[in-house]
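Only one structure is covered here, and it is reproduced in the block below.
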Amino acid sequence: MNVGIMNKPSRFAVAAALAVLSGAAWSQQHYEVDPASSEVHFTLGASDGPVKGTFHLTSGEFTLDPANGAMTGTVTVDAASGNSGKKGRDKKMTNEVLKAQTYLTVTFAPEKFSGQLKDTGDSTGQVDGTFTLIGQAHPISVPMTVHMEAGHFTATGEFAVPFVSWGMKDPSFLFLKVDKEVKIQLKLTGTVTR
């Protein structure tokens, strides 16, 4: 299209459309997660005492539209990185429960943020999205606390994963009984760009 031969109303319409599109792009916030400073902890209740450990987060990025709370992106965890401090137990968790040889990652794809997110300071809200475990996707809601400061963010949340009802192997045996859900404590840190 030759802008030079357009009449004034047409040029105005094009300029207005570009301004709207530019505003929409700038209204979205992009979050880049730093795996090295982020943490994934788990706690599993058991008859001989709770089992606590960590997983390694490998990557994460997501986009938020503050106008409507819509989110896209993925947070990815290495399924074979579970560490509870006991090699035999961790090997069983990795191979038999998480089937990490086949399903290399555990992911969370956020889809919606509900709440008021402040540009600076602390905010609380809820993130709804899809949690994929051993290749199966499940809807999940995670209450989150977010701290924003100077282009950096820290987001923390805790939620339960009912892994047995989601089709995973129950690790209970003989006299050892474990809970049917595991509690996850998540801490994501990183930078914000607009």
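Of note:
- Read-out Rg and Dmax of the Cα atoms in Å, derived from the coordinates shown; its label in (1) 18.2, 58; (2) 26.7, 104; (3) 21.6, 84: (3)
- The chain: angle of helix 8-27 to the longest principal axis, Cα-based, in degrees nearest 10: 20 degrees
- The helix-only estimate of mean residue ellipticity at 222 nm for the chain, built from DSSP H runs of length n ≥ 4 each weighted as -39500 (n - 2.57), is -4000 deg cm²/dmol after division by the residue total.
- The Cα center of segment 147-186 and the Cα center of segment 39-81 differ in position by 8 Å.
- Reachable lysines from residue 118, criterion Cα separation under 24 angstrom, eight or more residues apart if same chain: 187
- Straight-line cross-link partners of residue 91 among the aspartates and glutamates, defined as a Cα under 16 Å from its Cα and at least 8 positions apart when in the same chain: 78, 170.
- DSSP bridge analysis restricted to segment 103-147 gives an antiparallel fraction near 100%, rounded to the nearest 5.
- Fewest-first ranking of 176, 44, 98, using other Cβ atoms within 10 Å as the exposure measure: 176, 44, 98
- In plain terms, the chain from residue 185 to residue 72 could stretch by 38.6 nm, reckoned as 0.36 nm per residue minus the Cα-Cα distance.
A short reminder: the numbers here are calculations on the coordinates, not readings from a lab. A quick note: this is a predicted structure, and the numbers were derived from the prediction, not measured. Every residue, glycine as well, gets a Cβ built from its backbone with ideal geometry; the counts of neighbours run over all protein chains shown.
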